[in-house]
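All remarks here apply to the structure that follows.
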Amino acid sequence: MSINVFEKRAFLVAVASVAVSLALIAYATWGMGINVPTCIPLGSKPFEQASVTKHEGKNYEVHYVARMWAFEPSVLRVPTGSTLDMYAVTKDVTHGFLIAGTNVNLMLVPGAVANSRVHFDKPGIYTIVCHEYCGRNHQNMNARIEVSDQIADYSVEGLPADEGMKLLDAKGCLACHSVDGSVGVGPTFKGAWGAPVTLADGSTRTLDAALFLQKVRHPDTIAVQGYPPVMPDLPLTDDEISQIEAYLEGLQK
């Protein structure tokens, strides 16, 4: 049975289309370094804390934690030529994780660990943004990676320093209060300790141990001007309060 000219053309067009598709996939993978992000939900419990670990040479393993509305770490500095194996989790809602100027584009969903690798062969500042709407301060949720020829090893900012940060997270305080100065439902903790606070009645007090204790033990007796009086009762022990106070004092630096 003979094949007519139209069938031959259709066959050639199909073969050519497949060849072009395979060539584009190959170019994207090896020429542009584009990879499909991986997600590691099976047998891999989401980690609790952000961290940076240096391996051989300029290879680093970075654990990012996303929460409303910040990334931890907030700033990572690495030398030019560094390769980062990144693992990221969310502690609350779904967040995005996009590094501008790279091919890293992840979605962070509760209960899963997202993973990607990026190599920085050029110095510069690479901004990390959340591109999945996550709440009222979504637009302020960002971090950055600074790549420089002038540094020999990594440095980092924005890692939880101690138990005080863990307690703020566990008790739900960070849903309303930020630790980086951004606006939230309640006043930011950044720079608040030891600073004057204007109360709803117009009076001014300094945020110290006495005021903090009163606000925690009897939240309905004190309202800060400009913020709704919605703080709930928090079951905190005296030791836990002391740990949080120490952390807040450290945010003055």
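The values are calculated or read from the model by the stated rules, or taken from the named source; none is laboratory data. These numbers were taken from a predicted model, which means no experiment stands behind them. Note: ideal-geometry Cβ built from the backbone for every residue, glycine included; neighbour counts use all protein chains shown. Surface areas here come from the heavy atoms of the whole protein model, side chains and all, with no ligands, DNA or RNA. Shrake-Rupley method; radii C 1.70, N 1.55, O 1.52, S 1.80 Å.
Tell me whether region 139-148 contains one or more residues that are modelled with pLDDT of 90 or more, assigned to a loop (DSSP other than H, G, I, E, B) and open to solvent by less than 20 Å² (accessible area, probe 1.4 Å).
For region 139-148, residues modelled with pLDDT of 90 or more, assigned to a loop (DSSP other than H, G, I, E, B) and open to solvent by less than 20 Å² (accessible area, probe 1.4 Å): present.
Please work out which residue is most open to solvent (accessible area, probe 1.4 Å), limiting yourself to region 106-123 and to residues that are over 17 Å from the mean Cα position of the chain (by Cα) and not aromatic (Phe, Trp, Tyr).
Selected residue: LYS122.
Are any residues in region 65-75 out of contact with any helix residue (DSSP H, G or I) (no Cβ under 7 Å at 6 or more places or on another chain) and either at pLDDT 95 or above or among the charged types (D, E, K, R) (or both), and if so, which ones?
GLU72, the sole residue that qualifies.
If I filter region 159-172 for residues that are surrounded by fewer than 19 Cβ atoms within 10 Å (Cβ to Cβ), in contact with a strand residue (DSSP E or B) (Cβ under 7 Å, 6 or more places away or on another chain) and part of a loop (DSSP other than H, G, I, E, B), do I get at least one hit?
Yes: region 159-172 contains one or more residues that are surrounded by fewer than 19 Cβ atoms within 10 Å (Cβ to Cβ), in contact with a strand residue (DSSP E or B) (Cβ under 7 Å, 6 or more places away or on another chain) and part of a loop (DSSP other than H, G, I, E, B).
Out of SER182, SER242, SER178, report the one residue that is in contact with a helix residue (DSSP H, G or I) (Cβ under 9 Å, 6 or more places away or on another chain), of a type in the set (Gly, Ala, Ser), without any contact (Cβ under 8 Å) to a residue 24 or more places away in the chain and more than 30 Å from GLY81 (Cβ to Cβ).
SER242
Considering only residues that are polar (S, T, N, Q) and either modelled with pLDDT of 85 or more or part of a helix (DSSP H, G or I) (or both), which ones fall in region 209-253?
Correct list: GLN214, THR221, GLN225, THR237, SER242, GLN243.
Table: residues versus (1) of a type in the set (Gly, Ala, Ser); (2) open to solvent by less than 30 Å² (accessible area, probe 1.4 Å); (3) closer than 26 Å to GLN139 by Cβ.
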site: VAL179; (1), (2), (3): no, no, yes
site: SER182; (1), (2), (3): yes, yes, yes
site: PRO187; (1), (2), (3): no, no, yes
site: LYS190; (1), (2), (3): no, no, yes
site: TRP193; (1), (2), (3): no, no, no
site: SER203; (1), (2), (3): yes, no, no
site: ASP208; (1), (2), (3): no, no, no
site: GLN243; (1), (2), (3): no, no, no
site: LEU251; (1), (2), (3): no, yes, yes
